[in-house]
Every structure is written in structure tokens, then in C-alpha cells.
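Take a look at the structure set out below.
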Amino acid sequence: MRPDSALTEERRHARRGDPLSDLCMALDGVRRRLNLQCLVLVDDLGLVIAGAGRHAQCEEMGALAAMAPNSPNVTRFELLGAPVLLWASAMLDPGTKRYLVTTCQRVLESQHVRAA
């Protein structure tokens, strides 16, 4: 069992069924594990979709991500066909970025398919 497996299992049992709350919990798990101040997912205008960390900092960093989408702290990808930005308070390694992109897509897109 990986060291972070217990955290993953705890988070999975704590799910609320609300995809945005579930995504915030997943982001918070990564934020805590990597000791980040803030991790936020925003649309291309900088409006917060989900975040982990202090609310005011998520709002501020989300707006900055939209103004500087080529920053090394920003990961750009598509979610439900729309461009989104993931901002972290520190640079992330490629594996962590892939994990976060996959998690965002899995949590939100799977819920979207069920609702359709």
C-alpha cells in the first residue's frame, strides 16, 4: 500500500456526491500532500471552478492564472470541451500535473455523463 493510499481511501469515503465538492476534496488532498499554499482550477476568464487553500488566495491566483496562462505554475487543458487553467502555488512535476488533469476530468466529466 502506498503511503498516500490511506488519504485517498479516506477522501473516497468522505465523498458527498457533489462533483465540485468532491473535486475540491481531491485538490486539497494533493495540496496537503505537497505542502502547497493553494491549488485552484479556473475557467479561461479566471473564475474559480474548484480550489484548495484559503478562499481569498484561490480567487486571487485564479485571476492571475487567466492573465498569465503561460506561467510555469499554470497547467492548461480542456474540461467538458472548454479551456481551463490549473494554478499551483509551486511548480509541479509532470506526473503530478497529469494526475491532477486526469482527476479533474474524471470527477467532473463522469458526473456530466451520468447527468445527461
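See the values below:
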read-out: Some residue of segment 96-105 being modelled with pLDDT of 95 or more and among the charged types (D, E, K, R); value: yes
read-out: Flag for R31 being crowded, with 16+ Cβ neighbours inside 10 Å, of a type in the set (D, E, K, R) and over 20 Å from E109 (Cα atoms); value: yes
read-out: Of all residues in segment 6-28 being of a type outside the set (A, V, I, L, M, F, W, C) and modelled with pLDDT of 85 or more, the one that is surrounded by the fewest Cβ atoms within 10 Å (Cβ to Cβ); value: D18
read-out: First in segment 51-63 and modelled with pLDDT of 95 or more, second anywhere and basic (K, R), Cβ under 7 Å, 6 or more apart; value: A52/R31; G53/R31
read-out: Selected residue [within 16 Å of L36 (Cβ to Cβ) and either of a type in the set (D, E, K, R) or under 14 Å from the mean Cα position of the chain (by Cα) (or both)] from G53, G46; value: G53
read-out: Of all residues in segment 74-112 being of a type in the set (G, A, S) and surrounded by 14 or more Cβ atoms within 10 Å (Cβ to Cβ), the one that is nearest to D44 (Cα to Cα); value: A88
read-out: Failed condition for T75, given (1) more than 19 Å from P19 (Cα to Cα); (2) out of contact with any helix residue (DSSP H, G or I) (no Cβ under 7 Å at 6 or more places or on another chain); value: (2)
read-out: Identity of the residue in segment 39-50, farther than 14 Å from T75 by Cα and touching a Gly at 6+ places or on another chain (Cβ under 8 Å), that ends up surrounded by the fewest Cβ atoms within 10 Å (Cβ to Cβ); value: L47
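Yes or no, residue by residue, for (1) part of a loop (DSSP other than H, G, I, E, B); (2) in contact with a strand residue (DSSP E or B) (Cβ under 6 Å, 6 or more places away or on another chain):
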residue	(1), (2)
L41	no, yes
A52	no, yes
S71	yes, no
R76	no, yes
P83	no, no
L86	no, yes
K97	no, yes
T102	no, no
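The values are calculated or read from the model by the stated rules, or taken from the named source; none is laboratory data. Owing to the predicted nature of the structure, the values given are computational and were not obtained by experimental measurement. We place every Cβ from the backbone using ideal geometry, glycine too, and count neighbours over all the protein chains shown.
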